[in-house]
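Report on the following structure.
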Amino acid sequence: MIKNEEEKVKEGDLVVITGSPGEHGVAIMIARGEFEFEGEVLSDCAPLTNLLTLWEMKGVKWMRDITRGGLASVLCEFGMENNFTVFINEEKIPFSPPVKGVSEILGIDPLYLPSEGKAVIVISPDVKEKVIEYLRKKVDPSADVIGEIRKKEKNFYTVLKTLSGGYRILELLTGELLPRIC
């Protein structure tokens with residue numbers, strides 16, 4: 001949801017993630033016992049009420065939790081609703097080691113794993129330091145800028161710069177990565 005008319009999202013705005021995405025999805029997969037993974041991964045399920053302080057700050061323009069469809073779907077929906085292309089850098093996304101490991105072993109894309117305690121925020125560049133400092137102290141030390149808003153490019157809404165330096169178009173999740181349990 002966009003905050004107000006004065007705070008419209010525009011080209012050059014930054015995309016921030018409030019912490020490591022996908023932990024809820026991995027925790028659910030492990031808890032179901034369908035795979036013989038050892039170790040404990042806790043769900044990232046947490047209230048997001050501490051983000052309300054940011055919502056009142058000038059320069060914070062849009063925010064949404066990362067639930068169904070994961071980070072990729074949330075960013076695609078944002079681009080579609082606002083007619084922008086979101087460019088994100090895979091290197092900047094703070095995936096935890098368990099999320100990376102389980103995703104590699106199972107061959108699933110961690111960008112589509114659900115989170116229940118993380119959000120994406122779009123901000124103007126001039127509040128970057130203030131927002132990141134707040135998030136790292138009050139929410140999660142891995143919070144960071146992961147991309148930027150650009151004018152609409154062709155027929156795609158979200159582009160990922162991959163770890164290898166290439167580019168990949170992200171699309172909305174089709175189907176269910178995990179059956180709904182809550």
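The values are calculated or read from the model by the stated rules, or taken from the named source; none is laboratory data. Keep in mind the model is a prediction, meaning the values are calculated, not measured. When we count neighbours, we look across all protein chains shown, and the Cβ atoms used for this are built from the backbone with ideal geometry, even at glycine. For accessibility, only protein heavy atoms count, side chains too; no ligands or nucleic acids. Shrake-Rupley method; radii C 1.70, N 1.55, O 1.52, S 1.80 Å.
Things to note:
- Each residue in segment 1-15 was checked for being modelled with pLDDT under 65 and among the aliphatic types (A, V, I, L, M), and 2 pass.
- Residue under evaluation Ile88, criteria (1) modelled with pLDDT of 95 or more; (2) out of contact with any Ser or Thr (no Cβ under 6 Å at 6 or more places or on another chain); (3) over 16 Å from Leu172 (Cβ atoms), criterion not met: (3)
- Residue among Val127, Val159 that alone is assigned to a strand (DSSP E or B), out of contact with any helix residue (DSSP H, G or I) (no Cβ under 8 Å at 6 or more places or on another chain) and surrounded by 13 or more Cβ atoms within 10 Å (Cβ to Cβ): Val159
- Neighbours by Cβ (under 6 Å, 6+ apart or cross-chain): first from segment 116-133, closer than 30 Å to Ala27 by Cα and in contact (Cβ under 8 Å) with a residue 40 or more places away in the chain; second open to solvent by 70 Å² or more (accessible area, probe 1.4 Å) and of a type outside the set (Ser, Thr, Tyr): Glu116/Cys45; Gly117/Cys45
- Arg32 within 18 Å of Ile149 (Cβ to Cβ) and open to solvent by 30 Å² or more (accessible area, probe 1.4 Å): no
- Filter result (within 30 Å of Val122 (Cβ to Cβ), small (Gly, Ala, Ser) and out of contact with any helix residue (DSSP H, G or I) (no Cβ under 8 Å at 6 or more places or on another chain)) within segment 20-38: Ala27
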